[in-house]
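Beneath this line is the structure, given in structure tokens, with notes to follow.
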DNA sequence: TTATCAGCTGAAGCCGACTTTAAGTCAAGC
DNA sequence: GCTTGACTTAAAGTCGGCTTCAGCTGATAA
């Protein structure tokens, strides 16, 4: 797959994909002889994974470390711990969201009351 | 309350508090005769509200508009809609988080399996 | 054949959200 | 009366995360 196809598939720009590869957020993408990127299934899976993680705010740094360890085929335990740490961060974030939503609900309710009165 | 006390109470820097006032994220804080900020209960409630919203990623722009309408004591309906829009954004975000966490769970599970084998 | 794509690289630019700095005021304690 | 430390402002700086640009190559199609 070309970078253009991948960018459509995952709804992100080609620039972002190149940027991700450049900073090591995804492993180096295989190339054709002329140097053009040729995304295989593995590369696509990485894009999918990183896109998902980023959409929830998982930090780029953590992902870069994870990818590097995968590339080096090492740090099994560390890899697992990165995932666990990030999960913990997300769970905390979900809890924060929950309580903010509650607060918004409460305020919205208050406006409903106001409208009823008039 | 001084800005220093408020910053301790809400665990944010005095710089951030001044910044928030400057851009209209909280209404103008009452001042003593010498110009020093003197946070009253209303001001504190605003800080608390904005801190909560920002911790969940509610956009500054939306909050600024909301605060401005409150100050002008107008746009009742619009105010309610701002809150509803932001709630919708947060709910979407919570859903995204939930599915990312699931994906992480799955990957972590995979590492567990690997460790069991060895 | 020429022009118009899609792709390439490296570097500079941009945006949101603070944070720091420079230069100054003011009140309390020694 | 001077130092200390908390406060003031406006403006510049920082940082993460892209995004855009300049200048190039190489393949396709009118």
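The values are calculated or read from the model by the stated rules, or taken from the named source; none is laboratory data. The shown structure was predicted, so the numbers you read here are calculated from the model rather than taken from an experiment. FYI the Cβ positions are ideal-geometry reconstructions off the backbone, even for glycines, and counts take in every protein chain you see.
Hey, among the residues in segment B:2-21 that are over 13 Å from residue B:50 (Cα atoms) and buried (at least 17 other Cβ atoms within 10 Å of the Cβ), which one's nearest to DNA strand C (Cβ to nearest atom)?
By that ranking, first place goes to B:7.
If you go through segment B:77-103, how many residues are facing chain A (nearest Cβ under 9 Å) and more than 21 Å from the chain's Cα centre (by Cα)?
Qualifying residue count for the region: 5.
Those residues that are near DNA strand D (Cβ under 10 Å from one of its atoms) and loosely packed, with under 15 Cβ neighbours inside 10 Å, I need them from segment B:22-37; list them, please.
Correct list: B:22, B:28, B:31, B:32, B:34, B:35, B:36.
Condition check: more than 23 Å from residue B:103 (Cα to Cα), away from DNA strand C (no atom under 14 Å from the Cβ), at the interface with another protein chain (Cβ under 8 Å from one of its Cβ atoms) and surrounded by fewer than 17 Cβ atoms within 10 Å (Cβ to Cβ). Does residue A:106 satisfy that? Spell out how you get there, then give the answer.
Details: more than 23 Å from residue B:103 (Cα to Cα): yes; away from DNA strand C (no atom under 14 Å from the Cβ): yes; at the interface with another protein chain (Cβ under 8 Å from one of its Cβ atoms): no; surrounded by fewer than 17 Cβ atoms within 10 Å (Cβ to Cβ): yes.
No, not satisfied.
Restricting to segment B:25-51, name every residue that is under 17 Å from residue B:66 (Cβ atoms) and either within 12 Å of DNA strand C (Cβ to nearest atom) or modelled with pLDDT under 90 (or both).
B:25, B:26, B:50, B:51
Residue A:69 - would you say it is more than 16 Å from the chain's Cα centre (by Cα), away from DNA strand C (no atom under 11 Å from the Cβ) and surrounded by 15 or more Cβ atoms within 10 Å (Cβ to Cβ)? Before the answer, list the steps.
Numbers: more than 16 Å from the chain's Cα centre (by Cα): yes; away from DNA strand C (no atom under 11 Å from the Cβ): yes; surrounded by 15 or more Cβ atoms within 10 Å (Cβ to Cβ): yes.
It is true that residue A:69 is more than 16 Å from the chain's Cα centre (by Cα), away from DNA strand C (no atom under 11 Å from the Cβ) and surrounded by 15 or more Cβ atoms within 10 Å (Cβ to Cβ).
Would you point out which residue out of A:35, A:75 is over 26 Å from residue B:94 (Cβ atoms) and touching a helix residue (DSSP H, G or I) at 6+ places or on another chain (Cβ under 7 Å)?
A:75
Just to be sure before I move on: is residue B:77 part of a helix (DSSP H, G or I), more than 12 Å from DNA strand C (Cβ to nearest atom) and at pLDDT 95 or above in the structure I sent?
So residue B:77 fails the test.
Output the number of residues of segment A:25-74 satisfying the condition of being in a loop (DSSP other than H, G, I, E, B) and within 14 Å of chain B (Cβ to nearest Cβ).
As a first pass, look at segment A:25-74 and keep what is in a loop (DSSP other than H, G, I, E, B): A:25-30, A:32-36, A:38-40, A:56-59, A:73-74.
Subsequent filtering for residues that are within 14 Å of chain B (Cβ to nearest Cβ) retains A:56-59, A:73-74.
Selection size over segment A:25-74: 6.
Going through segment B:1-24 one residue at a time, which ones are out of contact with any helix residue (DSSP H, G or I) (no Cβ under 8 Å at 6 or more places or on another chain), farther than 28 Å from residue A:92 by Cα and outside any helix (DSSP H, G or I)?
Matches in segment B:1-24: B:2 only.
Please go through (1) within 12 Å of DNA strand D (Cβ to nearest atom); (2) more than 17 Å from residue B:104 (Cβ to Cβ) for residue A:64 and return the number of the only condition it doesn't satisfy.
(2)
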